[in-house]
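Notes follow once the structure below has been shown.
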Amino acid sequence: MVNPHPPAERRVSVETHKLSKRLHRLVGQAIRDYAMIEDGDRVMVCLSGGKDSYALLDILLNLQQRAPIQFSIVAVNLDQKQPGFPAHILPDYLTRLGVEFHIENQDTYSVVKRLIPEGATMCSLCSRLRRGILYRVADELGATKIALGHHRDDFLGTVFLNMFFGGKLKGMSPKLVSDDGRHTVIRPLALVAETDLERWAAHREFPIIPCTLCGSQENLQRVQIKRMLREWEKQHPGRIDNMHRAFANVVPSHLMDRALFPFETIQPTGVVNPQGDKAFDDDEDACATPSAPASISLAALRGFGGD
């Protein structure tokens, strides 16, 4: 009798199941840890046609079915009128899903191409235009949360971009009020690795739409940072996980920002302080082998994403 499920096929199935559990668990943990979605929320998922936003919508729709709270989802795409953009793909896909959606048609492509010199970076202007339009659409649709598809690697990339080119220690926030003060922006993929999203997109066969604006510019600083991080991870597996965990393990007294720590008021107390300076010790942490990823508590899994 022929085995209907050869070993290779079974192995792929097992790995895909593990990937699905990991993605849903991590998104659920991010939602819980940062109180991203509350009962009665109307979540506007910004859908670009790329792998990240497709995965975000896909996972949120799944979690919506088993979440301990009620919330609605509306998918929104901004059609920027790029030449050759396949305008039918997203409406067809979203109609098949049966999810509420809105396509906003605005010719920002012509604006960007007219104002930005050939070869110059388009990201800043394109981002500002998109942001203003999506804020307006969120108001019109009655959205209480705006969900973006930035993932773990985007968070790290932003930190290095700001350090290397902006002279500040700043990344992305998993949840923050928008710059107009009227909206709450959330990033449920904050804990998810980009490589996992790539595998999920291939498995789910999302109809990916290439970007012919900023996504096609190979000279971008962000593209260079991404290559650097990928190379680091290849040479030192686990390094990205360690760096990412550092975002939630900050020691302000060991940085230099006077707004975060009252350096001017420091006086010796005579009381032992494990967090005090160890000026004459070797920096053991800097020489240590990268530790294994921390385990996720059962409490963090209850409700969202837990099995």
*From the list Arg66, Arg96, Arg42, which residue is surrounded by fewer than 17 Cβ atoms within 10 Å (Cβ to Cβ) and within 16 Å of Ala143 (Cα to Cα)?*
Arg42
*Looking at (1) open to solvent by less than 40 Å² (accessible area, probe 1.4 Å); (2) part of a helix (DSSP H, G or I); (3) within 20 Å of Trp200 (Cβ to Cβ), find the lone condition where Ile73 falls short.*
(2)
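Every residue, every condition in (1) over 21 Å from Ser173 (Cβ atoms); (2) among the hydroxyl-bearing types (Ser, Thr, Tyr), yes or no:
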position	(1), (2)
Ser13	yes, yes
Val27	no, no
Cys46	no, no
Ala55	no, no
Asp92	yes, no
Thr95	yes, yes
*If you check Asp281, Asp241, Asp277, which single one turns out to be modelled with pLDDT of 55 or more, among the acidic types (Asp, Glu) and within 20 Å of the chain's Cα centre (by Cα)?*
Asp241
*Assess whether Glu198 counts as being open to solvent by 40 Å² or more (accessible area, probe 1.4 Å) and over 16 Å from the mean Cα position of the chain (by Cα).*
no
*State whether one or more residues within the stretch 154-167 are in contact (Cβ under 8 Å) with a residue 24 or more places away in the chain and outside any helix (DSSP H, G or I).*
no
_Extreme residue, farthest from Asp154 (Cα to Cα), among residues of the stretch 32-66 that are part of a helix (DSSP H, G or I) and in contact with a strand residue (DSSP E or B) (Cβ under 8 Å, 6 or more places away or on another chain)_ = Gln64
*Answer yes or no as to whether Gly84 is of a type in the set (Gly, Ala, Ser), in contact (Cβ under 8 Å) with a residue 24 or more places away in the chain, out of contact with any strand residue (DSSP E or B) (no Cβ under 8 Å at 6 or more places or on another chain) and surrounded by 17 or more Cβ atoms within 10 Å (Cβ to Cβ).*
no
*Mind checking which residues of the stretch 178-192 are at pLDDT below 95 and either over 18 Å from Gly142 (Cα atoms) or open to solvent by 40 Å² or more (accessible area, probe 1.4 Å) (or both)?*
Asp179, Asp180, Gly181, Arg182
*Quickly run through the stretch 79-96 and pick out the residues that are among the polar types (S, T, N, Q) and more than 16 Å from Ile208 (Cβ to Cβ).*
Gln80, Thr95
_List the residue pairs whose Cβ atoms are under 8 Å apart, where the first residue sits in the stretch 242-259 and is in contact (Cβ under 8 Å) with a residue 12 or more places away in the chain, the second is part of a loop (DSSP other than H, G, I, E, B) and open to solvent by less than 50 Å² (accessible area, probe 1.4 Å), and the two are 6 or more positions apart or on different chains._
His244/Leu191; Phe247/Gly171
*Restricted to the stretch 138-154, and to residues that are open to solvent by less than 20 Å² (accessible area, probe 1.4 Å) and in contact with a His (Cβ under 7 Å, 6 or more places away or on another chain), which residue is farthest from Asp241 (Cα to Cα)?*
Ala138
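The values are calculated or read from the model by the stated rules, or taken from the named source; none is laboratory data. Quick caveat: nothing in here was measured; it's all calculated off a predicted structure. As a convention, Cβ positions derive from the backbone with ideal geometry for all residues, glycine included, and neighbour counts pool all protein chains shown. Accessible surface is based on the protein model in full, side chains and every heavy atom, while ligands, DNA and RNA are left aside. Shrake-Rupley method; radii C 1.70, N 1.55, O 1.52, S 1.80 Å.
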